[in-house]
Amino acid sequence: MEIFSRFPTMHAALSGKGDGSCRLWHSKPDLDKITAANRERFFETRNIDPARVVSVLSEHEANVRAVGHAEAGQALPRTDGLVTRERDIYLSLTVGDCLPIYLHDPKTGTIGLLHGGWRGLAAGIIPGGIEAMRSLGAAPEDIHAAIGPSIGPCHFEGKEDVAGAFAEFPDAHEVREAKPFLDLRAIARDMLAENGVLAERIAISKECTACLPDKYFSYRRDKPEFVETMVAVIGIPDK
Ligand SMILES: [Zn+2]
C-alpha cells in the first residue's frame, strides 16, 4: 500500500474483503472461531506469528496503552490505541469504516496504531496516541503517520451530534442535497499536525471503504447483523 512507503523496515498492513471478516468477537464464540481463523491466516501470510500479536477490544474512546512482550497474544479490553518500542511485537485492531492510523518514529523505532472513528477522534485518540509515543521517547516531529482506507467524505454523513463534535474544523464540513457530510481524514490530519506531526509526514489513503464493496467491508454501507471488519497490523520484525 502506497501510504506505507515511509514505513520501510516493518510489517504494516490492512486486510481486505478477500481475507474474510477479521473481527475480534469475544462475546460470540461461534463467530470468533471463523474470524479468528481468518485473522491468523492473514497474519501468517505476512510472516507474522499470531502469538506475537497484541489486539484490542475497541470502545471508541481514547485509551492508548504502551505494550510489549508481556502482552503478546492478548486482546486488551477498553483500548483504542497501542504503542511499543519492542521488536517482534505486532499491534493490531479492527476497522470497518473507522480510520486505522499507523505511526512510526524511525529514530527510536517506536510504532503505534490508533482506532480513529468519529467518537475516538472527538474523545482525543490522536493527542493520546502522540503522548503515548512521546512517553516511549519519540519526538512528534520525527513521527510518520499513515491513515489507511476508511469511510470518505463522499459517504460519511454526520448528523448534528457528530458535526457538533468537530465545530472547530469548519473546512471538514460539507452540505450536499441538504445532508451534512464530514471529512474525518482531514480532521485526523489536522489533529496530527496540531500535535506536532509534520504535514509532509502524513500520508492518507484516498480509498473509501463504502465506495469499494469488492475490496472492503463497510459497516455504514452493509449494516450487517454481525459486524464484519478488516484487521490492521503494524510491527517491526526481530532480526
Ligand atoms: Zn465513498
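Binned at 10 Å from 0, what are the whole-percent values of the Cα-Cα distance distribution for region 92-159, short to long?
Once binned at 10 Å, the Cα pair distances of region 92-159 give 21, 49, 24, 6, 0.
Quick check on my link table: of LYS17/LYS179; LYS159/LYS223; LYS179/LYS223; LYS33/LYS223; LYS17/LYS239; LYS33/LYS206, which ones sit more than 24 Å apart, alpha carbon to alpha carbon?
In this structure, LYS17/LYS179; LYS17/LYS239; LYS33/LYS206 exceed 24 Å between Cα atoms.
Explain nothing, just compute: Karplus ³J(HN,Hα) = 6.51 cos²θ - 1.76 cosθ + 1.60, θ = phi - 60°, for every residue of region 222-237 in order, whole Hz, x for Gly and Pro.
8, 6, x, 4, 10, 4, 10, 9, 8, 10, 9, 8, 8, x, 10, x
How much mean residue ellipticity at 222 nm does the chain get from its helices, if each DSSP H run of length 4 or more adds -39500 (n - 2.57) and you divide by all residues, to the nearest 500 deg cm²/dmol?
Estimated from H runs of four or more residues: -6500 deg cm²/dmol.
Once you order the gyration tensor axes a ≥ b ≥ c over the Cα atoms, which shape class does region 13-132 get: rounded for a/c under 1.5, otherwise prolate or oblate by comparing a/b with b/c?
oblate
As an exercise, use a Förster radius of 35 Å and the Cβ-Cβ distance of LYS206 and ALA51 to find the FRET efficiency, rounded to the nearest 0.05.
Efficiency for this residue pair is about 0.50.
Taking Cα centroids, how far is region 216-239 from region 136-157 in Å?
So the two Cα centres are separated by 16 Å.
Count neighbours as other Cβ atoms within 10 Å of each site's Cβ, and list the GluC sites (Glu not before Pro) in region 69-172 that are DSSP loop with at most 12 such neighbours.
Counting only loop positions with at most 12 other Cβ atoms within 10 Å, the GluC sites (Glu not before Pro) in region 69-172 are GLU168.
So if we plug the beta-carbon distance of GLU174 and LYS223 into 1/(1 + (r/R0)^6) with R0 = 30 Å, what FRET efficiency do we get, rounded to 0.05?
Taking R0 as 30 Å, the efficiency between GLU174 and LYS223 is 0.85.
Could you tell me which Cys residues in the chain have no other cysteine's Cβ under 4.7 Å from their own Cβ, answering none if every one has a partner?
So, CYS22, CYS98, CYS154.
For the chain, what is the percent of antiparallel DSSP beta bridges, rounded to the nearest 5?
Roughly 70 percent of the beta bridges in the chain run antiparallel, per DSSP.
Under the Karplus relation 6.51 cos²θ - 1.76 cosθ + 1.60, θ = phi - 60°, what is the ordered set of whole-Hz ³J(HN,Hα) values for region 171-180, x standing for Gly and Pro?
6, 8, 9, 8, 9, 10, 6, 6, 10, x
What list of whole percents do you get for P(r) of region 2-235, with Cα-Cα distances grouped in 5 Å bins up to the one holding the largest distance?
1, 7, 15, 20, 21, 17, 11, 6, 2, 0, 0
Mind giving me the nanometre distance, one decimal, between the label points for GLU131 and ASP30, set 7 Å out from Cα along Cα→Cβ?
Going from the GLU131 label point to the ASP30 one covers 4.3 nm.
Values in this text are rule-based calculations from the coordinates and carry no lab data. Remember, it's a predicted structure, so these values are computed and weren't measured experimentally. Methodologically, a virtual Cβ is constructed for each residue, glycine included, from the backbone with ideal geometry; neighbour enumeration extends over all protein chains shown.
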